[in-house]
Every structure is written in C-alpha cells, then in structure tokens.
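Please treat every number below as a calculation from the coordinates, not as lab data. Because the structure is predicted, anything quoted here is derived from the model rather than measured. Because the Cβ atoms are built from the backbone with ideal geometry, glycine has one as well, and the counts that use them run over all protein chains shown.
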Amino acid sequence: MRMQLALLKVVSLLVPSADRAEWMAEWKTELRHVRLVSKKSWAFCRGALADAFWLRVWARRFSFDLASPARCLLWLGLLATTAWTIAANLPVARNLVLPSLWADARGLAAVAPDMGPGSNPLPRIQQVTFGEFRRWKNHRQTPFESLVFYQITGGPVLRTEPSSAQPVASEKGRRRVREAAGFFGQSECVASGE
Amino acid sequence: MAAEAKLSHTAAMILQAIGAGYGYGFSIMEITGLPSGTVYPALRRLEREALIRSQWERQKKADAAQRPPRKYYKVTAAGKATLEASRKRYPLIARLIPEKESERV
C-alpha cells in the first residue's frame with residue numbers, strides 16, 4: 001500500500017494545486033476499497049495517471065482566457081512562432097517558406113556529382129548530375145535557349161569577360177574559374193562569391 | 001429547452017451506472033468493466049458538464065463502516081435529461097446496467 005500511495009503522491013503533482021488535496025483523498029479512499037476486494041490495485045493506480053493528466057489538460061484549456069485581445073494576440077504570436085520554427089527546421093517547408101539566397105532560384109540547377117539522395121550540397125536548388133549535364137551538352141536538340149553557369153568560389157565576386165578578361169584575386173581563384181570554364185566547355189564563366 | 005449533450009457510449013454507460021445507483025468510482029468500474037483510467041476522467045468531465053455532482057460521505061457514516069469517507073456521485077436534472085436521450089441512442093445500456101436493488105422503489 002505504501003508504494004501505491006507513494007505513486008499516487010507523485011502522480012498528484014500533475015493535478016492542478018487547487019484540486020490536488022481532494023483528488024488525493026478520493027484516490028486514497030478508492031485504493032483502500034480496491035485493496036479489500038481486488039488484487040488489481042496496481043492496475044487501478046495506473047488509472048490515476050490518466051486522471052491526473054486529464055485534470056491538468058482540462059485546467060490549462062480553461063485557464064487561458066482568449067477573450068482578452070492582448071492574450072489573443074499573444075497566443076497567435078506564439079502559434080506563429082512555433083509554426084515558423086517547425087517550418088524552418090523541415091527541409092521541404094524551409095524551401096517553400098524562407099526566401100532563397102539565390103536570385104531566380106527556381107531557374108537554377110546545381111551541377112554536382114551524383115552522391116545519392118540527400119547529398120545535394122545546395123538543398124534549395126535543384127541538382128543536375130554530371131552525367132545528365134553531359135547528355136544535355138552532347139544532345140543535338142538543345143532543350144534550353146541559353147545556359148548560364150555559376151560556380152561557387154572561395155574568393156571575392158569576380159567576373160571574366162570573353163573579350164577583356166579581368167584579373168582574378170588569386171591564383172586559386174583563377175584556376176577555379178578556368179576549371180569551371182573548361183568543364184562546361186564555355187569561354188565565359190561567371191563566378192559568384194562563396 | 002436546452003439541447004441535451006451528446007455522450008459517447010462509454011460516457012453514457014458511466015452516467016447510466018450512476019443513475020442506477022452505483023455512486024462511487026470503483027463500483028462504477030466494477031459494473032461497467034471499464035478501467036480506472038477511463039472511469040475517473042469521465043467522471044471529471046461529466047461533473048464539469050454539470051451532468052453529475054459529487055458529494056463526500058459524512059465522516060460519521062464512514063466511521064461507522066470503519067473506512068475513510070467516500071466521494072459519491074449523483075445525476076443532476078440536466079444529467080437525467082441527457083441520460084434519457086442516451087438511452088434512446090444506446091438502447092442496450094439500460095439492460096447492461098440495471099438499477100441497483102437498493103435503488104428500486
């Protein structure tokens with residue numbers, strides 16, 4: 001009986017303080033009766049948790065008065081913050097909700113090695129594998145009117161023109177731009193800052 | 001006339017048990033076969049909806065029976081109307097939980 005009373009005492013902490021004493025008194029007297037007529041007193045005590053939880057939820061439900069405009073706004077703000085936090089942590093929702101870092105992100109595709117699902121280094125931009133890109137490149141019928149290539153570099157934003165190539169900040173940066181241009185088979189490559 | 005609250009089958013069974021004279025939690029559990037985790041929260045809800053009311057047994061009476069006082073539940077007037085509606089909705093509950101012998105007039 002002591003263990004069961006201890007359990008009831010712990011569970012009673014869930015019950016709103018205004019109802020706790022009466023709740024405890026009722027469960028104690030019921031438990032005493034159960035012990036006299038049945039051996040299922042532990043199973044009986046398990047119900048106390050559901051009861052206490054119900055009282056806790058019910059008390060919260062009705063203690064929050066939405067009639068006040070300030071509380072209503074606070075409640076809406078809380079809901080919006082929670083929804084925003086959840087959306088910002090879910091990849092698909094984040095892509096839909098947050099503004100893209102890239103201009104016209106819907107028209108962009110990242111060319112990258114195919115490393116399987118979930119390996120996209122730029123999750124908010126569609127990914128095209130090297131294989132797909134080569135197929136497009138070698139295809140006689142071009143599916144696009146024009147293609148513009150961007151490459152992420154470690155250096156500052158620099159741009160090379162086909163006629164008057166501007167110097168790039170470092171040898172590393174120059175090499176990256178050359179590699180990109182070579183890979184894409186273009187004389188022109190626009191590099192953006194990382 | 002206020003519309004009677006629509007009860008679930010379980011809540012209707014509990015209300016029927018109280019109406020039939022099973023006045024405290026464990027006796028309701030015994031007659032309905034429902035677990036304590038269902039019966040007690042349902043009692044709270046029925047009481048909040050004013051379909052039943054509770055009253056602690058007098059200490060004298062409890063002392064005479066050599067036990068702590070019990071909390072008894074009774075069906076209110078609103079509860080009686082709801083119980084009638086529930087009996088029409090669930091005709092079997094009255095047969096499942098007949099009135100206690102001591103409650104019969």
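Numbers for the structure displayed
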| item | result |
| --- | --- |
| Of the criteria (1) within 14 Å of chain A (Cβ to nearest Cβ); (2) without any contact (Cβ under 8 Å) to a residue 12 or more places away in the chain; (3) polar (S, T, N, Q), which one B:Ser8 fails | (1) |
| Filter pass, A:Ala6 being in a helix (DSSP H, G or I), over 43 Å from the mean Cα position of the chain (by Cα), among the small types (Gly, Ala, Ser) and surrounded by fewer than 19 Cβ atoms within 10 Å (Cβ to Cβ) | no |
| Any pair with Cβ under 7 angstrom, 6 or more apart, that starts in the stretch A:35-56 at a residue that is more than 7 Å from chain B (Cβ to nearest Cβ) and ends at one that is charged (D, E, K, R) | A:Ser41/A:Arg35 |
| Listing of helices (runs of 4 or more DSSP H) fully contained in the stretch B:15-99 that carry 2 or more residues being within 13 Å of another protein chain (Cβ to nearest Cβ) | B:25-32, B:36-48, B:59-64 |
| Criterion: in a helix (DSSP H, G or I), more than 10 Å from chain B (Cβ to nearest Cβ) and free of Cβ contacts under 8 Å to residues at least 12 places away in the same chain - qualifying residue of A:Ala25, A:Ala21 | A:Ala21 |
